[in-house]
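In what follows, a single structure is set out as structure tokens and then discussed.
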Amino acid sequence: MGAEARMTTGVDAGVDAEVVAEVGAEVGASGPAPGDVRLTSVHNFRDVAGPGYALHPTGSMARGLVYRSTTLSVGEDDLGVLERLGVSTIVDLRTGDEITRQPDVIPAGADYLAIDVLAGNTSAAAFTGVGTFSVEDARRETAIMYERFVLGDEERTGFGRAVSAVARSAGPAIVHCTAGKDRTGWTSAVLQLLAGVREEDVIADYMLTRELSVDFVNSIRAYVRAEMPERLDAIDVLIGVEESNIRRSLTALDSEFGDVRRYLVDGAGVEEDLVEELGARLRTGR
């Protein structure tokens, strides 16, 4: 790894995409993923429905429709798994720079859609290249990012496009960013809320990323400690998984829109019929 690692614009990873790629290749899957589908070359790949989360008032979220992931830098065996699943849509939430540095490996027959949901509106971009930043800087920018997932016009539009792509997917869809943590975490939360998953389960699913990324995060920390130890505390914030972050977005959604349907229709510009169709599909699998 080069000593001059750059910070990624997408706060999900916290270090340069090339560093993330190298560490990810060394670590692979980290711990048992909920559900039946495992990938050995990508950590934190799992079904957005988890084990089939209980819904309010009854039922369970349909499995096998939407998967969440880190960058799809899959090997041949895992590519075969995705192709056997019949994945038909890949929604990539990363920035253009992230995609250039580490392109996805696309399963045969799948449509690929890149949507930069951050739209250049996070000043985490200031963390690139030379210079230093503090723990306070990292916490502030992370908080702003999670608020903008709900309150930012361009971010909402991006997430609306992502949800629309999932709704129109002919088969299983995969939604991902770099580490499958922030941008992917919010998209997953929106889909779960739309299905009727209880908020406490939405938060618990978000926090699973911490458990499933232990080896990955430890490898990143070891690299940073060796190459740029003065940044370790701040990078810990950027690569961490904290309940307060997802709660920040959920609180903003409740206060600004009242519920996830209004967020999608009024805020994100998704067609109301499409929202209703997707909600029904996430509940029934049909």
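The values are calculated or read from the model by the stated rules, or taken from the named source; none is laboratory data. The structure displayed is predicted, hence computed values, not measured ones. Backbone-built Cβ (ideal geometry, glycine too); neighbour counts: all protein chains shown. Calculation scope for accessible area: heavy atoms of the full protein, side chains included, ligands and nucleic acids excluded. Shrake-Rupley method; radii C 1.70, N 1.55, O 1.52, S 1.80 Å.
Observations
- If you filter the stretch 36-93 down to residues that are in contact with a strand residue (DSSP E or B) (Cβ under 7 Å, 6 or more places away or on another chain) and among the basic types (Lys, Arg), you find that the one that is most open to solvent (accessible area, probe 1.4 Å) is Arg63.
- Among the candidates Gly64, Gly35, Gly10, residue that is at pLDDT below 95, in a loop (DSSP other than H, G, I, E, B) and over 15 Å from the mean Cα position of the chain (by Cα): Gly35
- Subset of the stretch 49-75 (residues that are without any contact (Cβ under 8 Å) to a residue 12 or more places away in the chain and among the hydroxyl-bearing types (Ser, Thr, Tyr)): Thr58, Ser60
- Residue pairs meeting the criteria (Cβ under 6 Å; at least 6 apart or on separate chains; first closer than 17 Å to Gly279 by Cα, in the stretch 156-178; second open to solvent by 10 Å² or more (accessible area, probe 1.4 Å) and of a type in the set (Lys, Arg)): none
- Selection from the stretch 232-258 of residues that are open to solvent by less than 70 Å² (accessible area, probe 1.4 Å) and of a type outside the set (Gly, Ala, Ser): Leu232, Ile235, Asp236, Val237, Leu238, Ile239, Val241, Asn245, Ile246, Leu250, Leu253, Phe257
- Residue match in the stretch 213-221 (condition: open to solvent by less than 30 Å² (accessible area, probe 1.4 Å), in a helix (DSSP H, G or I), modelled with pLDDT of 95 or more and among the β-branched types (Val, Ile, Thr)): no
- Among the residues listed as Arg231, Arg261, Arg210, the single one being in a helix (DSSP H, G or I), over 24 Å from Asn44 (Cα atoms) and in contact with a Gly (Cβ under 8 Å, 6 or more places away or on another chain): Arg261
- Scanning the stretch 192-202 turns up at least one residue that is outside any helix (DSSP H, G or I), out of contact with any Cys (no Cβ under 8 Å at 6 or more places or on another chain) and of a type in the set (D, E, K, R).
- Against the list (1) in contact with a strand residue (DSSP E or B) (Cβ under 6 Å, 6 or more places away or on another chain); (2) not in a helix (DSSP H, G or I), the condition Ala170 fails is (1).
- Which listed residue is at pLDDT below 95, in a helix (DSSP H, G or I) and either within 26 Å of Val81 (Cβ to Cβ) or among the hydroxyl-bearing types (Ser, Thr, Tyr) (or both), from Thr132, Thr142: Thr142
- Looking only at the stretch 101-129, residues that are at pLDDT below 95, of a type in the set (Ser, Thr, Tyr) and within 18 Å of the chain's Cα centre (by Cα) come to 1 in all.
- All positions within the stretch 166-185 that are under 15 Å from the mean Cα position of the chain (by Cα) and either open to solvent by 20 Å² or more (accessible area, probe 1.4 Å) or of a type in the set (Val, Ile, Thr) (or both): Val166, Ile174, Val175, Thr178, Thr184
- Scan of the stretch 145-157 for residues that are part of a helix (DSSP H, G or I) and under 22 Å from Val241 (Cα atoms), ordered by number: Met145, Tyr146, Glu147, Arg148, Phe149, Val150, Leu151, Glu155, Arg156
- Hey, Arg247 of a type outside the set (A, V, I, L, M, F, W, C) and in contact (Cβ under 8 Å) with a residue 60 or more places away in the chain or not: no
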